[in-house]
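J.: Structure in structure tokens, see below.
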Amino acid sequence: MTIQIKESNFTDNKTLQFKVLSVEQIKQILNNTLRILENTGSTVHSEEARTLLKNAGCSVEGTKVKIPSKLIEKALSTAPSKIVLSDRNGNKRLFLEGNNSYFGPGPTCPNFRDPQTGERRETVTQDVANTAIVADALPNIDFVMSLSMISDCTATLADVYEVRAMLENSTKPIVGWTFDVDGLKEIVDMCCAVAGGLEELQKNPFLVIYCEPTSPLTHTKEAIEKLLYLAERKLPVVYPPGMVLGGTGPMTIAGALSQGLAETLVGLLLSQLKNEGAPFIAAIQGGPLDMKTMQHSYGAPELTLLIAASADIFHYLNVPIWSFAGATDSKVVDQQAAIEATLQIFATAASGAHLIHDVGFTDLGLTGSLEQLVMGDEIIGMVRRLIRGIEVDEEHLAYDVINEVGPGGSYLGQEHTFMHFRTEMWKPTLLDRQGYAGWEAEGKKSMYDRISEKVKRILHEHKPEPLSEKVSKELDEIIAAAEQRVRIKNA
Amino acid sequence: MSDFKELSESVISGNFRVAKDLTQKMIDGGTDPGQIINEGLIAGMNVVAVRFKAGDMYVPEVMMSAKAMSIGIELVKPLIAASDIPSTGKIVIGTVSGDMHDIGKNLVVMMLESVGFSVVDLGVDVKPEAFVEAVKEHKPQIIGLSALLTTTMLNMKETLVALEAAGVREKVKVIVGGAPVTQAFCDQIGADGYAQDAAVASDLCKKLVG
């Protein structure tokens, strides 16, 4: 007797997913966004941007711009629906499409938890290098951000020094932030030096630049100039609003999604007006203002819900998605940190967001922590196992082995077990599954003890692939020119 | 007397429409304007301040209460001499150059006004020169500098340098605040005071002018 087995869901639809919004709800939010763009308008503090918008058919009065919806529709049709990021050596690594989720640290923490002393102190260049080394070593961290706003260099060149430190200490794709176009040019020059020219960098980009609108509905000169500079060169940009619900965005999540979408879509429109087909990564970010402490909460479930909903919206619009996870409001890497990071990582991965940053944020995003980054790597590994779902086919249904073992037998010595245990089971690197005696014998270590040891071990042992001497020299020259630029400016 | 209590209650509950009606009725009925302010509006706000500090009220509620109080005061103002409106001191405040964020700053303004400071709000993205001009024009005792972004807080130092260069630094106390700002940063750039939130900022200002 044969049983006809249909192809399983696993091969059609490989990832476990969840949706927060129905298509009907997405359409309601999108219509609300178009209404905001057309009626309320946006403030745009860049003359070049206003000229582009005016020539395209927007109404421009002073700095206020009102955008007709047909322009947004057109821009959505010309913006690429997928972006591929490479590593420093030009190998294609991250495919920002479908439900592929990639994780990395966040930007601009003014403080850092020192991995050796455990003290919180000002962030220095070595912290960027360390973050890159740890990110380079961790299997579930896919791209590098600095976790830093360094204090031990020429203040207005922190952005440039950080990208250099990341280039030197990891081959993984980099997401950088910058103060202004001057710094951005130097950052792009450095990446061109590594890639072997702008054309190579465009073909296999390993740099994404993060710049952001100012909620509500305001686009600063600096942010727009950076965005246009990148669009002109067809280099990927992410333009995520960072709303505070109840402060710079509406208190209600549907309202915040509408406003945030309006903000990121102005960026998308400008990138397409400047250079049709320029790669753009969209985002809506926003957590609630905690009305007792007046702090923007990263750990709040509303932020997780909003970010998952934003992935639904951008899947619907077919635009690569920027997202957020792995952060905590807690000041130390403790139970709170684990709870908040886990929920965010699960929700963003299950919603199929593409580039997910902020793993390693503690203290409401103000203190970078390698321990939080390492814990995040473990959580991501665990979540990726969930997302992989359950494979259902003849081999995995295991009929033959069930038949062979029969009632009362054991599977431990079976070839089927031997063949599948490595792929079917995720193996923790930090979570404790020892028997009590074994745990005792190894020194009764807590999760934090194990995390801290792993951080120190990686920093001690992991040696990232170095840059060639020739490239290092070119980077030295770019940095020297940047210092000269600042000296002239300050003179 | 129950009229004052009702007016206070409208401030406490943040019902600014009722506060407006009651104030207007009391004015029309010939109630002493000073009493309307002190026994009705400010009395209500005093209760709000206590409840907020105790954690029984949240900021959106305090803001509605402040709105109710100021709507009442606006109605009464034309009836009394400016000198009869109490003033604790004068403060010029703004978000520093390059930064468009103003929620924290607006919160500080509200807290300061509710304890009787006269506040000149320069808004957002305020260039160092604009702070210098404002000091010359308004002669405040205190300047408040706000920044939300780690990338713009460096402009606080530039503002201090500009005040120094214009020779007005000694005339004012400079206070700083905003999410990334710390006491250490305040000390490092040579500002006179730091507060981690709006309630502490109001205490700090009272101390600086006292």
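J.: Residue by residue through segment A:30-47, note down the ones that are surrounded by 13 or more Cβ atoms within 10 Å (Cβ to Cβ) and assigned to a helix (DSSP H, G or I).
T.: Across segment A:30-47, the qualifying residues are A:Leu30, A:Asn32, A:Thr33, A:Leu34, A:Arg35, A:Ile36, A:Leu37, A:Glu38, A:Thr40.
J.: Name the single residue, out of those in segment B:110-119 being modelled with pLDDT of 80 or more and away from every other protein chain (no Cβ under 14 Å), that is nearest to A:Thr293 (Cα to Cα). Before the answer, list the steps.
T.: Looking only at segment B:110-119, we keep the residues that are modelled with pLDDT of 80 or more, and these are B:110-113, B:117-119.
Cutting the leftovers down to away from every other protein chain (no Cβ under 14 Å) gives us B:112-113, B:117-119.
On the way: B:Leu112: 18, B:Glu113: 20, B:Phe117: 23, B:Ser118: 25, B:Val119: 23 Å.
Among those that are modelled with pLDDT of 80 or more and away from every other protein chain (no Cβ under 14 Å), it is B:Leu112.
J.: Of all helices (runs of 4 or more DSSP H) completely enclosed by segment B:1-56, which ones contain at least 1 residues that are at pLDDT 95 or above and surrounded by fewer than 21 Cβ atoms within 10 Å (Cβ to Cβ)?
T.: B:2-12, B:16-28
J.: In addition: Being in contact with a helix residue (DSSP H, G or I) (Cβ under 9 Å, 6 or more places away or on another chain) and not assigned by TED's automatic domain parsing to the domain that holds B:Lys127 narrows it down to one of B:Gly98, B:Gly14, B:Gly55, B:Gly94, so name that one.
T.: Among B:Gly98, B:Gly14, B:Gly55, B:Gly94, only B:Gly14 is in contact with a helix residue (DSSP H, G or I) (Cβ under 9 Å, 6 or more places away or on another chain) and not assigned by TED's automatic domain parsing to the domain that holds B:Lys127.
J.: I'm trying to understand the selection: among the residues of segment A:361-382, which are aliphatic (A, V, I, L, M), within 16 Å of the chain's Cα centre (by Cα) and under 24 Å from A:Arg422 (Cβ atoms)?
T.: Selection gives A:Val374, A:Ile379, A:Ile380.
J.: Determine which member of the set A:Ala338, A:Ala398, A:Ala350 is aliphatic (A, V, I, L, M), farther than 28 Å from A:Val266 by Cβ and free of Cβ contacts under 8 Å to residues at least 24 places away in the same chain.
T.: A:Ala398
J.: Another question, if that's okay. Applying the selection to segment A:259-303, what residues are surrounded by 24 or more Cβ atoms within 10 Å (Cβ to Cβ) and in a loop (DSSP other than H, G, I, E, B)?
T.: Selection gives A:Ala278, A:Pro279, A:Ala283, A:Ile284, A:Tyr298.
J.: Mind listing whichever residues of segment A:175-218 are in contact with a strand residue (DSSP E or B) (Cβ under 8 Å, 6 or more places away or on another chain), under 18 Å from B:Thr150 (Cα atoms) and within 14 Å of another protein chain (Cβ to nearest Cβ)?
T.: Answer for segment A:175-218, where residues must be in contact with a strand residue (DSSP E or B) (Cβ under 8 Å, 6 or more places away or on another chain), under 18 Å from B:Thr150 (Cα atoms) and within 14 Å of another protein chain (Cβ to nearest Cβ): A:Gly176, A:Trp177, A:Thr178, A:Leu184, A:Ile209, A:Tyr210, A:Cys211, A:Glu212, A:Pro213, A:Ser215.
J.: While we're here: I'd like the residue in segment A:347-360 that is hydrophobic (A, V, I, L, M, F, W, C) and within 14 Å of the chain's Cα centre (by Cα) and, out of all such residues, is farthest from A:Val238 (Cα to Cα). Walk me through how you get there before you give the answer.
T.: From segment A:347-360, those hydrophobic (A, V, I, L, M, F, W, C) are A:347, A:349-350, A:353, A:355-356, A:359; that's our starting set.
Checking the rest, the ones that are also within 14 Å of the chain's Cα centre (by Cα) come to A:347, A:349, A:353, A:355-356, A:359.
Working: A:Ala347: 20, A:Ala349: 18, A:Ala353: 13, A:Leu355: 10, A:Ile356: 11, A:Val359: 17 Å.
Going through the qualifying residues, I end up with A:Ala347.
J.: Next question, about the same structure. Considering only residues that are within 12 Å of chain B (Cβ to nearest Cβ) and under 20 Å from A:Val65 (Cα atoms), which ones fall in segment A:244-262? Please lay out each step first, then the result.
T.: At the first step, the residues of segment A:244-262 found to be within 12 Å of chain B (Cβ to nearest Cβ) are A:244-249, A:251.
Listed by number, the residues that qualify are A:Thr248, A:Gly249.
J.: Taking segment B:66-107 as the region of interest, how many residues are part of a helix (DSSP H, G or I) and away from chain A (no Cβ under 14 Å)?
T.: 17
J.: Which of the numbered conditions does A:Ala129 fail, given that it passes all the others? Conditions: (1) part of a helix (DSSP H, G or I); (2) touching a Phe, Trp or Tyr at 6+ places or on another chain (Cβ under 7 Å).
T.: So the condition that A:Ala129 fails would be (2).
J.: Give segment B:170-195 a look and list any residue that's crowded, with 16+ Cβ neighbours inside 10 Å and more than 13 Å from B:Gly144 (Cα to Cα), or say none.
T.: B:Ala179, B:Pro180, B:Thr182, B:Phe185, B:Ile189 - these are the residues of segment B:170-195 that are crowded, with 16+ Cβ neighbours inside 10 Å and more than 13 Å from B:Gly144 (Cα to Cα).
J.: Please state which of the following conditions A:Gly389 fails to meet, knowing it meets all the rest: (1) out of contact with any Phe, Trp or Tyr (no Cβ under 9 Å at 6 or more places or on another chain); (2) at pLDDT below 95.
T.: Of (1) out of contact with any Phe, Trp or Tyr (no Cβ under 9 Å at 6 or more places or on another chain); (2) at pLDDT below 95, only one is false for A:Gly389: (1).
J.: Any residue that is over 22 Å from B:Asp203 (Cβ atoms), more than 17 Å from the chain's Cα centre (by Cα) and more than 14 Å from every other protein chain (Cβ to nearest Cβ) - is there at least one of those in segment B:39-47?
T.: Yes: one or more hits.
J.: Continuing with the same structure: Can you tell me which residues in segment A:93-142 are of a type in the set (Lys, Arg) and within 14 Å of another protein chain (Cβ to nearest Cβ)?
T.: Selection gives A:Arg120, A:Arg121.
J.: From the residues in segment B:129-159 that are charged (D, E, K, R), more than 12 Å from B:Ile175 (Cα to Cα) and over 22 Å from the mean Cα position of the chain (by Cα), which one is farthest from the other protein chains (Cβ to nearest Cβ)?
T.: B:Glu129
J.: Tally up the residues in segment A:224-243 that are surrounded by 24 or more Cβ atoms within 10 Å (Cβ to Cβ), assigned to a helix (DSSP H, G or I) and within 14 Å of another protein chain (Cβ to nearest Cβ), please.
T.: Of the residues in that region, 2 qualify.
J.: Starting from segment A:289-302, take each residue that is more than 20 Å from B:Ala147 (Cα to Cα) and list its partners that are not hydrophobic (A, V, I, L, M, F, W, C), counting only C-beta distances under 6 angstrom and pairs at least six apart or across chains.
T.: Listed pairs, sorted by first residue: A:Gly299/A:Thr328; A:Gly299/A:Asp329; A:Gly299/A:Glu340; A:Ala300/A:Gly287; A:Ala300/A:Pro288; A:Glu302/A:Pro288.
J.: Against the definition (within 11 Å of chain A (Cβ to nearest Cβ), farther than 21 Å from A:Ser215 by Cα and of a type in the set (A, V, I, L, M)), how does B:Ala162 come out, yes or no? Spell out how you get there, then give the answer.
T.: Working: within 11 Å of chain A (Cβ to nearest Cβ): no; farther than 21 Å from A:Ser215 by Cα: yes; of a type in the set (A, V, I, L, M): yes.
Answer is no for this residue.
J.: Sticking with this one: Among all residue pairs at least 6 apart or on different chains, which show Cβ distances below 7 Å where the first residue, located in segment A:48-60, is touching a residue at least 12 places away in the same chain (Cβ under 8 Å) and exposed (fewer than 13 other Cβ atoms within 10 Å of the Cβ) and the second is hydrophobic (A, V, I, L, M, F, W, C) and assigned to a helix (DSSP H, G or I)?
T.: Here the result reads A:Gly57/A:Leu71, each pair linking segment A:48-60 to a residue that is hydrophobic (A, V, I, L, M, F, W, C) and assigned to a helix (DSSP H, G or I).
J.: Restricting to segment A:337-362, what's the tally of residues that are touching a Gly at 6+ places or on another chain (Cβ under 7 Å), of a type outside the set (Gly, Ala, Ser) and either surrounded by fewer than 24 Cβ atoms within 10 Å (Cβ to Cβ) or in a loop (DSSP other than H, G, I, E, B) (or both)?
T.: 2
The values are calculated or read from the model by the stated rules, or taken from the named source; none is laboratory data. Keep in mind that what you see is a predicted model, and the values were worked out from it rather than measured. Methodologically, a virtual Cβ is constructed for each residue, glycine included, from the backbone with ideal geometry; neighbour enumeration extends over all protein chains shown.
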